[in-house]
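Notes follow the structure.
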Amino acid sequence: MTGRFIAALAIAASVASCGDGGPDTEAGRQRAVIVAKLKAVDEGIESAADVLGAIKKYEAANAEIQIFIKQFPNSDEAKELTQLLKWLEEEVARLKIIHEANQPPPTIPPEFYQ
């Protein structure tokens with residue numbers, strides 16, 4: 001729940017910093033795209049089957065954010081996305097736990113009982 005709240009704050013900050021015509025800098029435009037992708041992943045998780053796909057998308061977003069931060073290290077957008085990285089890493093860890101919990105238990109070989 002807190003992860004969704006943090007993502008909502010990041011999205012709100014992204015929208016608030018845009019003028020009527022949208023972001024006016026390349027960094028702002030790229031940040032808006034990254035945040036939109038994160039929001040789409042969060043909304044797409046409806047079942048346990050969607051969790052693995054979400055993990056892969058979040059990991060790709062993490063790499064994209066790292067590249068963004070290297071491109072625009074001193075921008076306000078980079079500072080905001082740096083804060084979002086911690087949440088993203090925690091969300092990936094949480095989803096990995098959910099994914100592992102939904103795996104079937106290992107099959108015990110018949111030789112075990114002999």
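Need pairs with beta-carbon distance below 9 Å; first residue within 10 Å of VAL51 (Cβ to Cβ) and within the range 91-114, second among the aromatic types (Phe, Trp, Tyr) and surrounded by 10 or more Cβ atoms within 10 Å (Cβ to Cβ); sequence gap 6+ or separate chains.
Short answer, once both residue conditions are applied: LEU95/TYR58.
Give me the residue from the range 34-63 that is basic (Lys, Arg) and within 23 Å of GLN103 (Cα to Cα) and, out of that set, surrounded by the most Cβ atoms within 10 Å (Cβ to Cβ).
Ranking the candidates gives LYS57 first.
In the range 59-87, which residues are in contact with an Asp or Glu (Cβ under 9 Å, 6 or more places away or on another chain) and within 20 Å of ASP42 (Cβ to Cβ)?
Within the range 59-87, ASN62, PHE68 meet the criteria.
Read-outs: derived from the displayed coordinates by stated rules, not from any lab. A quick note: this is a predicted structure, and the numbers were derived from the prediction, not measured. Neighbour counts are summed over all protein chains in view; Cβ atoms, including those assigned to glycine, are modelled from backbone coordinates with ideal geometry.
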